[in-house]
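S.K.: Sharing a structure with you now.
The values are calculated or read from the model by the stated rules, or taken from the named source; none is laboratory data. Model, not experiment: these values are computed from the prediction. Cβ coordinates were reconstructed from backbone atoms using ideal geometry, including for glycine residues, and neighbour counts include every protein chain displayed. Surface areas here come from the heavy atoms of the whole protein model, side chains and all, with no ligands, DNA or RNA. Shrake-Rupley method; radii C 1.70, N 1.55, O 1.52, S 1.80 Å.
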Amino acid sequence: MIWHRSGAAHGRMTCMQVARVLQACLDGEADEVTARRVASHVEDCRRCGLETAVYREIKDSLARQEVPDEIVLVRLRDFGSALLMSSGPPEACDEAAGLGGGK
């Protein structure tokens, strides 16, 4: 995926925009347009796709009343920290979270 600051103007969401609404989408609380835009981004973006899988694993574990796998928790913490520290393109978050470069 090629990252553009003006991506939202073209109907594409940035990683930061997805991060802000991802949990609501997974919980079925987002409107249909937002959910479709997030799903489209997650399909194209390796990093956000991985984080979506992490959130789903946590949600499934909580539903089963089990403790999520420690690796999942570490990845979630790293991802959150990377988002807080990054003000640049998604690749900066990828490096901070130990995911390597883009897609």
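S.K.: Could you please find all residues in the stretch 60-79 being open to solvent by 80 Å² or more (accessible area, probe 1.4 Å) and assigned to a helix (DSSP H, G or I)?
M.R.: Leu62, Ala63, Glu70, Ile71, Arg77
S.K.: Taking Ser61, is it more than 15 Å from the chain's Cα centre (by Cα) and either among the polar types (S, T, N, Q) or modelled with pLDDT under 75 (or both)?
M.R.: Spelling it out, Ser61 is indeed more than 15 Å from the chain's Cα centre (by Cα) and either among the polar types (S, T, N, Q) or modelled with pLDDT under 75 (or both).
S.K.: Check off (1) over 13 Å from the mean Cα position of the chain (by Cα); (2) modelled with pLDDT of 90 or more for Thr14 and give me the number that stays unchecked.
M.R.: All conditions are met except number (1).
S.K.: Separate question: If you go through the stretch 36-88 one residue at a time, how many are under 16 Å from Thr14 (Cα atoms) and hydroxyl-bearing (Ser, Thr, Tyr)?
M.R.: 4
S.K.: For a quick check of your reading of the model, give me the residue pairs whose first member lies in the stretch 25-50 and is within 19 Å of Val72 (Cβ to Cβ) and among the charged types (D, E, K, R), whose second is open to solvent by less than 60 Å² (accessible area, probe 1.4 Å) and not in a helix (DSSP H, G or I), with beta-carbon atoms closer than 6 Å and at least 6 apart or on different chains.
M.R.: Within 6 Å, the pairs are Arg47/Leu99.
S.K.: Which one is nearest to the chain's Cα centre (by Cα), of the residues in the stretch 45-58 that are farther than 16 Å from Val21 by Cβ and open to solvent by 50 Å² or more (accessible area, probe 1.4 Å)?
M.R.: Filtering first and then ranking leaves Leu50.
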